[in-house]
Amino acid sequence: MKPSSIDMSLAVLPQKKQAGGFPAVTSSMKHILAQMDLVRGTKTLLRMNQAGGFDCPGCAWPEPDGDRSFAEFCENGAKAIAEEATLKRIDPDFFAKNSLDDLLQESDFYLSQQGRLTHPMVKYLGQRFYQPIVWADAYQLIAEHLKALASPHEATFYTSGRTSNEAAFLYQLLVRLFGTNNLPDCSNMCHESSGVALHESIGVGKGTVKLADFDHADCILVIGQNPGTNHPRMLTALQRAARNGASIVSINPLKEAGIDHFKHPQEMWDWFGKGTPLASLWIQPRINGDLALLKGLMKELLALEDKLPGSVFDHDFIAKYTAGFDDFTKDLRQTSWELIENVSGVDRDQISQLANLVGKSKQMIVCWAMGLTQHKNGVATIQQAVNLLLLGGHLGRMGAGVCPVRGHSNVQGDRTMGIGEKMPAWFLDKLGQEFQFNPPSEHGLDTVASIKAMHEKKVKVFFALGGNFFAATPDTTYVAQALSNCALTVQVSTKLNRGHLVTGQTALILPCLGRTETDMQKSGPQFVTVENSMGVVQASIGKLKPASGDLKSEVAIVSGIAQAVLGDTVEWQGFIDNYDSIRLRISRVIPGFDDYTARAKQSGGFYLPNPVRDSLQFPTHNQKANFKTHAIEKWDLPEGFYWLMTIRSHDQFNTTIYGMEDRYRGIKGSRRVLFMNRQDMIQASFPAGSKVDIVSHFQNQSRRAQQFSIVPYDIPRRCLAAYFPETNVLVSIENTADKSNTPVYKSVVVSLHI
Ligand SMILES: Nc1nc2c(c(=O)[nH]1)N[C@H]1C(S)=C(S)[C@@H](COP(=O)(O)OP(=O)(O)OC[C@H]3O[C@@H](n4cnc5c(=O)[nH]c(N)nc54)[C@H](O)[C@@H]3O)O[C@H]1N2
Ligand SMILES: Nc1nc2c(c(=O)[nH]1)N[C@H]1C(S)=C(S)[C@@H](COP(=O)(O)OP(=O)(O)OC[C@H]3O[C@@H](n4cnc5c(=O)[nH]c(N)nc54)[C@H](O)[C@@H]3O)O[C@H]1N2
Ligand SMILES: [Mo]
């Protein structure tokens, strides 16, 4: 091998078994101290996730309902805070010195390390530099572009999941008053498959468990999720469950750290020794083998039930609350073990072992995340997880239920507030009544459809409330073309990202306040509200001095644009002056928000109603929970081809790169790594460390990502893993999940080339 083909910055260390512990504490402090001094860092961390404090801008895992520990945060929450509360700044001078082309040469890590955005900036047609613009002119520019469109459907309005309920509600109101339902969001790339699957199966698109249920569960399945990195506070709940005797099963092609052993970073006595063993069982399916695996598990449960009727299934529950049981079990009986073993990649003995454990459970929770949602058949697979719970009657009972673990801290709240391209008719009716207009009723464009419409020049204005649309979406080259076709692109952001560099002819960056900062308006300091993964709505209030005097809140920005576009049709100024007035309007439109402001201020907030969890009512077409039967598809992967899953490292939040380490997986110094099975490496004659190009294949098209270093790893044969967003270029815009239209980020068919 030529020396130049080895990545000199890459170090590969042994994979870690435990998560948390002292290294998590030192890593938190390292990231905090790189961005601010110790006093600011400590003060900020102690306010996170506390009553009267702010909601962690990291993930959507809930805080305990009752007593909270003095520090309700995790290592990766600390990184999210360091990222936002940094003392570094990007001022107009920075943009005067660096053209878009200069900045495009830099890494994502470099871009986010430059600091907080401080001024509204504009890039005009034909120019390659941003220059400052005053807020009023920015609003005017947006209004001119929107008013010049032939139809409101020529604009699309994206939301990332950090936006508060208040800003999200006003934003969707502005968009619908303007006349379109083009409201794509990050959920379209994330848990959309969960929402669709759950709606069909049980009539509620959200989870049905509370955090306290984890203390009562006797069995918890964690499928396609890496909580040690992406929801570290979930490990505390799993640790408690394990100490209470619950069996925890991880179903994942990778043996992720933390699920194995966990050391609580805040329990010092836990730092020494091995930590709490968590997973009783680790099942290693091949990528997207879960549908077959779950069907195998249920086929085995059916066999146990046949042997000893009433020992496994809850027949009362099935008779009273469900439909489709007979068809479903008939299909299970007809499904062959050969197909199950072949497609899942798990042998029958292991499936039996799993069935023996699961069959005993009286209180089971199934958790999942992107390992299930981002596949072609994601909806069907999630419905198998629901079927499993229905068989044992694990709904509406303590210690049991469905738990899709959400990503962004307010992604669930944004949907509740009406961010969504196809909101139900009752929502649009109520909104129309409250604000006296006829909201558009035809469905709008989701994320993938918006990209296609921009590519075809049918959409000419792209607006983003947060996020990094360009880097998070699939098919990077196609998206670059789509965005540059636009007449205007606008991004409301806290930090610089690649999306600010790949723009429409005219582009705006509107810098906004973050969660940690004071939001001072006419009536005094304002708080906002967010909804976590378990349907709890609570207040979040920042206390830090804003990063610049020129920042505005998202509420003020949305209302300011609305005034410029729509005039004073609605009390926009009143909304900016006092956010209580927004909450009053929300409470009149959306059920469950009565007495909103007062209840949000209570310590711990309040739960939104959930008919499945609260009273076993299923708002489906037949008022029942439905068993959903789906066939297992045979796979056909020609010799020399692999499935690639694109995943997160320990040092990133989606497209924001915090550092170059993936501590638990033993990777240091580089992100262009490709995890590969040792036997596959031998077969293909790729020594460890060799560099390959990854080429994806979809519908006779190929796409290439260059120069990834191969790392031997415990991953099933024919399966590969690499980080996103570096690999998004490989995912075809046409390759999306059935029914949910979510990009297939986790099973990309690829070949490797030296
Ligand atoms: N620190 C940090 N926290 C985050 C984020 C972050 O980037 N950084 N992102 C937030 C967001 S928006 C989200 S959606 C969540 C994401 O949280 P996760 O879903 O945990 O994130 P991924 O890294 O995409 O990991 C997917 C997991 O699924 C496994 N997997 C992949 N394919 C399959 C499969 O076919 N079957 C099975 N059984 N498993 C599979 C992978 O091995 C990996 O462990 O985290 C949120 N929290
Ligand atoms: N290949 C591949 N692609 C994926 C995924 C995958 O697993 N694989 N996962 C998908 C998933 S699950 C998701 S959710 C999407 C994420 O997609 P997005 O939500 O669009 O992306 P983020 O990287 O979270 O957005 C980061 C940017 O948000 C801005 N920001 C941060 N905080 C705030 C704030 O408080 N207000 C505002 N206005 N802006 C703020 C900053 O400017 C920052 O640069 O990516 C998807 N893309
Ligand atoms: Mo997500």
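The values are calculated or read from the model by the stated rules, or taken from the named source; none is laboratory data. In this text, all values refer to a predicted model and were calculated from it rather than measured experimentally. Here Cβ is always computed from backbone atoms with ideal geometry, including for glycine, and neighbour counts include all displayed protein chains. The protein model used for the area step is the full one, side chains on, heavy atoms only, and it has no ligands, DNA or RNA in it. Shrake-Rupley method; radii C 1.70, N 1.55, O 1.52, S 1.80 Å.
For the reader, a short list of remarks on this structure follows.
- Burial order of peptide ranges 664-671, 342-349, 376-383 (average beta-carbon count within 10 Å, highest first): 376-383, 664-671, 342-349
- The range 192-405 - share of DSSP beta bridges that are antiparallel (%, nearest 5): 10
- Computed over protein heavy atoms with a 1.4 Å probe, the accessible surface of the chain works out to 36 Å² per residue.
- Shape parameters for the range 642-753, alpha-carbon atoms, Rg then Dmax in Å: 13.8, 41
- With the charge dipole of the chain set up from +1 on Lys and Arg Cβ and -1 on Asp and Glu Cβ about the Cα centre, the Cα lying farthest toward the positive end among the listed residues TYR130, CYS367, LEU752 is that of LEU752.
- Put simply, the Cα atoms of the chain extend 73, 66, 55 Å along their principal axes, the longest span coming first.
- Net charge contributed by nearby residues that have their C-beta within less than 13 Å of PHE469 (K/R +1, D/E -1): -2
- The portion of the accessible surface of the range 192-405 made up by carbon and sulfur, rounded to a whole percent, is 52 (1.4 Å probe; DNA, RNA and ligands excluded).
- Carbon plus sulfur fraction of accessible area for the range 11-84, probe 1.4 Å, in percent: 65
- Cysteine residues of the chain whose C-beta has no other cysteine C-beta under 4.7 angstrom: CYS56, CYS59, CYS74, CYS186, CYS190, CYS219, CYS486, CYS512, CYS719.
- Sorting 308-315, 746-753, 405-412 by average packing, meaning the other beta carbons within 10 Å per residue, from highest down gives 405-412, 746-753, 308-315.
- Protein-only accessible surface at a 1.4 angstrom probe places the residues PHE109, PHE169, PHE435 in the order PHE109, PHE435, PHE169, largest first.
- The HN-Hα couplings worked out from phi for the range 346-357 by the Karplus form 6.51 cos²θ - 1.76 cosθ + 1.60 (θ = phi - 60°) are 10, 7, 5, 4, 5, 5, 5, 4, 5, 5, 4, 6 Hz, whole numbers, x standing for Gly and Pro.
- DSSP finds beta bridges in the chain, and of those with both partners inside it, around 45 percent are antiparallel.
- Using C-alpha pairs under 8 Å with a sequence gap of at least 6, the mean separation divided by the residue count of the range 52-209 gives a relative contact order of 14 percent.
- Normalised contact order of the chain, rounded percent, pairs of Cα under 8 Å and 6 or more residues apart: 21
- FRET efficiency for the LYS452 to GLN105 pair, using the beta carbon distance and R₀ = 35 Å, is estimated at 0.75.
- Most to least packed among 86-99, 496-509 [average Cβ atoms within 10 Å]: 496-509, 86-99
- Anisotropy class of the range 11-84 from Cα gyration tensor, a/c 1.5 cut: oblate
- Length available on full extension from TYR124 to TRP337: 0.36 nm per residue minus the Cα-Cα distance, which gives 70.5 nm.
- Between GLN706 and SER311, the modelled labels are 6.2 nm apart [label points 7 Å from Cα along Cα→Cβ].
- Toward the positive end of the charge dipole of the chain, with +1 on the Cβ of Lys and Arg and -1 on the Cβ of Asp and Glu, the farthest Cα among SER587, SER709, ALA155 is that of SER709.
- Surface share of carbon and sulfur [accessible, 1.4 angstrom probe, percent] for the range 523-617: 50
- Count Lys and Arg as plus one, Asp and Glu as minus one, and take only other residues whose Cβ is under 13 Å from that of LEU13; the net charge is then +3.
- Farthest toward positive dipole pole in the chain [+1 Lys/Arg, -1 Asp/Glu at C-beta], among THR736, HIS697, GLY659: GLY659
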